[in-house]
Amino acid sequence: MTDLTESHPLYPADSLLVESLDIEAQGVAHKPDGKVVFIKGALPFEVVTANINRKKASFEQATVGAIHRESSQRVRPGCPHFGLHEGACGGCKMQHLHVGAQVAIKQRVLEDNLWHLGKVKPQTMLRPIEGPAWAYRYRARLSVRFVRKKGEVLVGFHERKSGYVADMKVCPVLPPHVSDLLLPLRALIGGMDARETLPQIELACGDEVTAMVLRHMEPLSAGDLAQLRAFGSTHGVQWWLQPKGPDSIHLLEEGGTQLAYALPEFGINMPFKPTDFTQVNPQINRVLVGRALRLLDAQKTERVIDWFCGLGNFTLPLATQAGEVLGIEGSEALVARSRENYKKNQALAQEGRALAATKFVARNLFEMTPEVLTADGSADKWLVDPPREGAFALVQALAALHQDPALRQGWTPPQRIVYVSCNPATLARDAEVLVHQAGYRCLSAGMVNMFPHTAHVESMAVFELES
């Protein structure tokens with residue numbers, strides 16, 4: 001291990017050379033004795049002095065102190081609440097790093113996970129999918145806290161490494177019209193009778209509607225309801241109320257424009273409820289769906305299965321291209337909504353763009369077996385879009401059918417699989433099964449920068465059956 005003070009005598013004796021960035025956006029350095037130091041706020045190739053705040057036998061954790069040699073990729077953060085200072089917002093981790101470098105690091109994380117965890121090397125790395133770095137976040141869970149000592153309300157994300165709510169006045173990753181509502185929301189809630197029992201506001205923006213779900217732990221007074229109505233009318237907010245669990249969510253005022261987003265490339269319109277899972281970044285989602293379907297290349301003669309189909313974000317666009325589509329999802333409620341969305345889009349389909357025959361069924365996709373898999377029939381192609389846990393049971397069932405042809409009973413595996421992932425570690429684990437146990441090769445993979453300035457890595461990989 002090189003001692004910096006020998007090669008660069010101008011640096012202080014305790015200086016560290018930052019070698020890389022980990023997935024938590026911490027700089028990684030080594031002490032002269034080889035011990036790893038993770039340094040919050042430091043960037044690759046910088047020389048820094050670190051303030052150690054936690055020591056373990058094999059590593060230490062620190063925050064950056066002085067920067068003696070600065071990275072060319074360091075930029076001024078775009079938000080006043082970002083940083084390492086006391087009370088800093090914990091919503092973003094990478095605003096001090098140029099967004100192009102963020103993308104490069106996330107692409108490397110994907111490659112490293114595929115190789116080191118899955119022993120899989122794609123034949124081609126896809127160009128990363130990028131979009132606006134600011135004002136992209138159309139979904140968010142904002143915490144609410146009435147601070148009695150100060151007599152004021154806080155609305156926003158939690159502080160870095162803390163359960164406290166950050167004192168946020170703006171948020172540049174939210175759409176500007178929502179960022180502008182942070183202070184008015186604080187004033188609104190501060191004037192409500194129930195201000196001490198309102199823990200969170202869930203935000204969901206559609207193409208035309210801004211919806212907010214107010215969680216309230218006690219019934220709201222007539223005065224509080226009147227204030228919400230007035231605020232909604234003034235600021236263009238569609239209020240939903242949640243007195244108990246997710247099933248209790250309901251509109252404050254019935255009627256009005258329905259919350260929805262469009263996928264214009266496919267002529268699809270997707271109504272949704274504010275607590276339904278939809279992608280945070282609508283611009284990236286449109287590009288993501290388009291690329292996934294081009295890579296899948298479904299034909300009018302083919303049957304396609306969309307696993308973990310949710311509301312039909314991929315299923316309905318697939319129905320404009322394939323001959324037959326099956327959407328499979330774990331939630332009965334989402335299956336019901338997928339069917340509704342299919343009917344609405346089928347009725348609105350343009351001349352010559354009628355949707356293919358499409359069915360939706362509910363299955364526990366985390367307890368998949370070869371028997372259940374074959375019962376849903378063969379498909380020419382699959383699209384797989386699981387949550388962070390991945391699709392391990394599904395790919396294991398596929399591998400079992402590959403290794404024991406007697407189980408198939410006429411069933412045939414898909415020729416191509418497009419796997420959309422929100423966790424590169426579980427993608428790598430599942431890719432190992434597909435490539436080393438189920439008879440597939442990895443044609444390509446690439447990252448998707450769905451969450452700029454955060455350490456979150458979305459990605460996509462294409463697998464094709466070996467002939």
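Taking the Cα centre of segment 151-286 as origin and assigning +1 to Lys and Arg Cβ atoms and -1 to Asp and Glu Cβ atoms, the resulting dipole is close to 300 debye. Run a plain Debye calculation on segment 229-325 (Cα atoms as equal point scatterers, no solvent) and give log10 I(q)/I(0) at q = 0.11, 0.12, 0.21, 0.24 Å⁻¹, rounded to two decimals, same order as the q list. Relative scattering, expressed as log10 I(q)/I(0), comes to -0.45, -0.52, -1.07, -1.26.
If you take all other residues with their beta carbon under 10 Å from the beta carbon of N281, and give Lys and Arg +1 and Asp and Glu -1, the sum is +2. Here is the link list: K244/K273; K40/K150; K119/K381; K93/K169. Which ones come out longer than 22 Å on Cα distance? Table pairs above 22 Å Cα-Cα are K40/K150; K119/K381. Structural size metrics of segment 127-269, computed from C-alpha coordinates, are Rg and Dmax of 16.0, 54 Å.
Spacing of the modelled spin labels on I67 and S444, each 7 Å from Cα toward Cβ, amounts to 3.6 nm.
With n ≥ 4 as the cut-off for DSSP H runs, can you work out [θ] at 222 nm for the chain, using -39500 (n - 2.57) per run divided by the number of residues, rounded to the nearest 500? Kindly include the intermediate steps, with their values, before the conclusion.
Details: 11 runs with 118 residues, N = 467.
That calculation yields -7500 deg cm²/dmol at 222 nm.
Charge dipole of the chain (Cα centre as origin; +1 on each Lys and Arg Cβ, -1 on each Asp and Glu Cβ, all else neutral): 560 debye, rounded to the nearest 20. Distances between every pair of Cα atoms in segment 24-83, grouped in 5 Å steps from 0 to the bin holding the largest one, split as 4, 18, 27, 25, 15, 6, 3, 1 percent.
Probe of 1.4 angstrom, ligands and nucleic acids ignored: what's the accessible area per residue over segment 119-253, in square angstrom? Value for segment 119-253: 50 Å² per residue. Apolar share of the accessible surface for the chain: 51 percent from carbon plus sulfur atoms, 1.4 Å probe. Ordered by residue, what ³J(HN,Hα) values in Hz, to whole numbers, does segment 253-264 give under the Karplus form 6.51 cos²θ - 1.76 cosθ + 1.60, where θ = phi - 60° and Gly and Pro are x? Going residue by residue, I get 10, 5, x, x, 6, 7, 5, 6, 9, 10, 10, x Hz, with x marking Gly and Pro. Stretched out straight at 0.36 nm per residue, the stretch from A230 to V372 would grow longer than its current Cα-Cα span by 45.9 nm.
Straightening the chain between S221 and R388 buys 56.2 nm, computed as 0.36 nm per residue apart minus the Cα-Cα spacing.
Here's the list of aspartates and glutamates a cross-link from K31 could span, going by alpha-carbon distance under 14 Å and ignoring same-chain residues fewer than 8 apart: D3, E6, D14, E19, E60.
Taking label positions 7 Å along the Cα-Cβ direction at both V287 and H98, the computed distance is 1.8 nm, reported to one decimal. Using C-alpha pairs under 8 Å with a sequence gap of at least 6, the mean separation divided by the residue count of the chain gives a relative contact order of 13 percent. For S248 and E466, the difference between the fully extended length at 0.36 nm per residue and the C-alpha to C-alpha distance is 73.6 nm.
D14 versus F277, label points 7 Å from Cα toward the beta carbon: distance in nm? It works out to 4.6 nm between the two label points. Where [x] 39, 35, 18; [y] 36, 28, 20; [z] 35, 24, 20 are the candidate values, the label of the one calculated here for semi-axes √(5λ) of the Cα gyration tensor in Å is [x].
The values are calculated or read from the model by the stated rules, or taken from the named source; none is laboratory data. Predicted model only: the values in this text are computed from it and were never measured. Here Cβ is always computed from backbone atoms with ideal geometry, including for glycine, and neighbour counts include all displayed protein chains. Ligands, DNA and RNA are excluded from the accessible area calculation, which covers all protein heavy atoms including side chains. Shrake-Rupley method; radii C 1.70, N 1.55, O 1.52, S 1.80 Å.
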